[in-house]
1. Report the Rg/Rh value for the stretch 75-170, based on alpha-carbon coordinates and the Kirkwood definition of Rh.
2. Tabulate in residue order the Karplus-calculated ³J(HN,Hα) for the stretch 312-326, using 6.51 cos²θ - 1.76 cosθ + 1.60 with θ = phi - 60°, rounded to whole Hz; enter x for Gly and Pro.
3. Send over the per residue convex hull volume for the stretch 112-164, Cα only, as a whole number of Å³.
4. Tally Lys/Arg at +1 and Asp/Glu at -1 over every other residue whose Cβ is under 12 Å from the Cβ of G304; what's the total?
5. Would you give the gap between the C-alpha center of the stretch 204-227 and the C-alpha center of the stretch 119-151, rounded to a whole Å?
6. Over 32 Å between Cα atoms, which of K84/K211; K219/K322; K84/K227; K118/K175 qualify?
7. Under the rule a/c < 1.5 gives rounded, and otherwise a/b versus b/c splits prolate from oblate, where does the stretch 71-330 land using the Cα gyration tensor?
8. In whole Hz, with x marking every Gly and Pro, tabulate ³J(HN,Hα) for the stretch 256-263 from phi via Karplus 6.51 cos²θ - 1.76 cosθ + 1.60, θ = phi - 60°.
Amino acid sequence: MKVSLAHLFRILAVAVMLAFAGSLTASAQTTPPAANEKDLLEYLKKCPPGQVCEGRVTIPDQKSGTLVQDQGRSWEARMEGPVKRWGGWFLIAVVVLLALFYMMRGRVRVDSGLSGQKIERFTSFERFVHWTTATSFIVLGLTGLNIRFGRGVLLPLLGGDSFASSFASISELGKTLHDFTGFAFILGIVAMLLIWIGHNLPAKGDGRWIKEGGGILKKGVHPPAGKFNPGQKLIFWAVILLGGAIAVTGIIMMFPFYFSSMSGMQLATFLHAILGIILIGVILAHIYIGTLGMQGAFDAMGTGKVDLNWAKEHHSRWVDEKQTRKAGAAE
């Protein structure tokens, strides 16, 4: 009887081990998952390339049972490697180039001097749309950069492990702000498209403006332009097209697997990061021109009115059209 019970216990033990091993694919049968997070991560790293390590789950989302798969490895390698490395260097290069340009060119000033006369450039509603979009993008940009670079760059600068708990709380708040601020940004770019698309289509004289560098490269050169010059048109379409793509991929990420498969989610995350970094670089250049780079430019969105001489030098066709309409209305 004792021998029979011993054999029975052995059989039961082997059956339990086989049942657990059967819940994993053949590639994951060598080592059972450990109880703590560190050991579990080490176990997952041993999942052979080209195979999938899966477990059993009791929740409706059976995809949660997939712990490691090759597409995930490739996605992680891209996000942690090229996206962070080249994306970070791209933003650094933009800042350095803007600084060098400022040192070489200096601030673009009104050659004829300020006249003291003001002309309305943007209405209150236009400025509200601009600042709503701009503010939401700044929040999205800062929180997005924290998501992508915070742990590797910001956390070590703030104190490393000693600041880890506070950093985690700040990052969690930032993630929530990122999600909800995205809706304000989407409304903003839609409104911008509707109210300014007519001024941002190709127009006669744009070629000359580009050929002469917009009057920014050389002093005393002021090629004519409408309400928006080709440089501003480029920024407008960058915001609309890149911003629109960022919004679409962001929505896909906010609602996992509602609109896409696992591979689609990985692609959306990759594009969201890349396009976001590019648009941040474009907006940095826009901020530079609108503040430090050009005298009087900030007034356009600050008060809605600009100096008449500034308008004549940088948007002469628009001034002529505006004054012609005003004269016609007065007759």
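Every number here is computed from the coordinates shown, using simple stated rules; none is lab data. These numbers were taken from a predicted model, which means no experiment stands behind them. Virtual Cβ from ideal backbone geometry, glycine too; neighbours counted across all protein chains shown.
1. Ratio of gyration radius to Kirkwood radius: 1.14.
2. Running phi through 6.51 cos²θ - 1.76 cosθ + 1.60 with θ = phi - 60° gives 5, 6, 9, 9, 4, 5, 5, 4, 4, 5, 5, 5, 5, 5, 5 Hz.
3. About 164 Å³ per residue, rounded to a whole number.
4. +1
5. First find each Cα centre; the distance between them is then 27 Å.
6. K84/K211; K84/K227; K118/K175, as the Cα separations exceed 32 Å there.
7. Cα axes put the stretch 71-330 in the prolate bin.
8. Couplings: x, 6, 6, 10, 7, 7, 4, 5 Hz.
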